[in-house]
Each structure stands twice: as C-alpha cells, then as structure tokens.
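Input: a single structure, listed below in structure tokens.
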Amino acid sequence: TPVKRLNIIISEGVARLFLQILSAAIIILVGYVFFDYTLVHGLSTFIQMLLLSTYGLIIFLGMGFVVSSLAKNDASIPPLANSITMPQLLLSGVFMSPSNFPSWLQPICKALPLTQFNNAMRVIAFEGKSLLDCGTQLGILTIWLVIIYAIAVKVFRWE
C-alpha cells in the first residue's frame, strides 16, 4: 500500500516507545524500592525523569531507524549500532567524566546527545531541578532530534 515513510516511522516508534518507557519506569522504581534511590521531590522527580527518558528514547529510536535503514542485512546491524553506541558510551560521561579527555575532544563530547541526556538527568535526579532548568541540554537534544529524524525519513526503507 502507498504509505508514507514518516507514517511508518511514527507508528513503529510509538509502538516501541511504550515498552521502553515502561522499562524506564521499572528501572527507576527498582532503584527507589530496593536500592534506596532518593527521588528528591518524590513523584515530581519521577515524572520529570520519565519525561526526559521519553525524549531521549525518541531521539535514540531515530538513530536505530537510521542504522537499520543503512544496514545491508540483519548481520550488519549490530556492528553499525555499536559504531554509534560505543563512542557515545565512552565519551558521554556514562563511565568517566569527559573532562578526563584531551581538550580537542571536549567539544565533541559535549555535542553528543547521550552527554546532554546524562547531564539533564543528573540535574533532575541529583540536584532536584526541573526540566525547565535543562534548557541548554534540551536545546541540543532537540537539534539532534531534528537531524536524526530528517536523516531517518530520507534513508528509511521498508523491506
């Protein structure tokens, strides 16, 4: 049937997004119940963390669409996905502070979407601030959102 690429991307994304948001909620609740994770402002912090997680999931889901569209076959998806995921994990502050890297690498680290997501999540989770206090991070994430989905719509193939 003549279905637009954008419609397929949106419908696939919404279906996957629901399960991932549920997973994020469970992870936060497990941390709260079993590991004494403190939700600074209780339910408000929990909701803001879920909202930020949803926004991040939408962006990273777009990256998944790009990777799966560029892959020639199913076997090439994991290496392509790892070529995007691993640098972000290493450079975004998940395992170590980006300030440990050389000065020439700092701007690249700061531009990564996972860095901005991590920074915003830390502000909400540990400092008790709101999404409104994460303007810079959300702005950079929004730029990534536009870029990623423009690429995804351009390269998407339904096969």
Output the residues belonging to region 127-159 that are touching a residue at least 60 places away in the same chain (Cβ under 8 Å) and among the aliphatic types (A, V, I, L, M).
Leu131, Leu138, Leu141, Leu145, Ile148, Ile151, Ala152, Val153, Val155
When residues of region 1-19 are limited to those that are touching a helix residue (DSSP H, G or I) at 6+ places or on another chain (Cβ under 8 Å) and open to solvent by less than 100 Å² (accessible area, probe 1.4 Å), the one farthest from Gly56 (Cα to Cα)
Leu6
From Phe101, Phe156, which residue is at pLDDT 85 or above, surrounded by 14 or more Cβ atoms within 10 Å (Cβ to Cβ) and either out of contact with any helix residue (DSSP H, G or I) (no Cβ under 7 Å at 6 or more places or on another chain) or of a type in the set (Phe, Trp, Tyr) (or both)?
Phe101
Among the residues that make up region 86-93, is at least one of them out of contact with any helix residue (DSSP H, G or I) (no Cβ under 6 Å at 6 or more places or on another chain), of a type in the set (Gly, Ala, Ser), under 28 Å from Ala125 (Cβ atoms) and surrounded by 14 or more Cβ atoms within 10 Å (Cβ to Cβ)?
no
Working only within region 133-159, note down all residues that are farther than 15 Å from Gly13 by Cα and over 18 Å from the mean Cα position of the chain (by Cα).
Asp133, Lys154, Val155, Glu159
Under 7 Å by Cβ, and 6 or more places apart or on different chains, what pairs join a residue from region 89-108 that is free of Cβ contacts under 8 Å to residues at least 24 places away in the same chain and under 20 Å from Gly56 (Cβ atoms) with one that is among the hydrophobic types (A, V, I, L, M, F, W, C) and surrounded by 13 or more Cβ atoms within 10 Å (Cβ to Cβ)?
Phe95/Leu89; Pro98/Leu91; Pro98/Cys109; Ile108/Leu91
Counting only residues that are assigned to a helix (DSSP H, G or I), within 15 Å of Phe46 (Cα to Cα) and not hydrophobic (A, V, I, L, M, F, W, C), how many does region 123-159 have?
1
Here the residues within region 66-85 that are surrounded by 15 or more Cβ atoms within 10 Å (Cβ to Cβ) and either without any contact (Cβ under 8 Å) to a residue 12 or more places away in the chain or over 20 Å from Ala150 (Cβ atoms) (or both) are Ser68, Ala71, Ile77, Thr85
Checking the structure you have, find out if any residue of region 50-60 is more than 23 Å from Asn82 (Cα to Cα) and aromatic (Phe, Trp, Tyr).
no
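The values are calculated or read from the model by the stated rules, or taken from the named source; none is laboratory data. Bear in mind that the values here come from a model prediction, so they are computed numbers and not experimental data. When we count neighbours, we look across all protein chains shown, and the Cβ atoms used for this are built from the backbone with ideal geometry, even at glycine. Heads up: the accessible areas ignore ligands, DNA and RNA and are worked out on the full protein's heavy atoms, side chains in. Shrake-Rupley method; radii C 1.70, N 1.55, O 1.52, S 1.80 Å.
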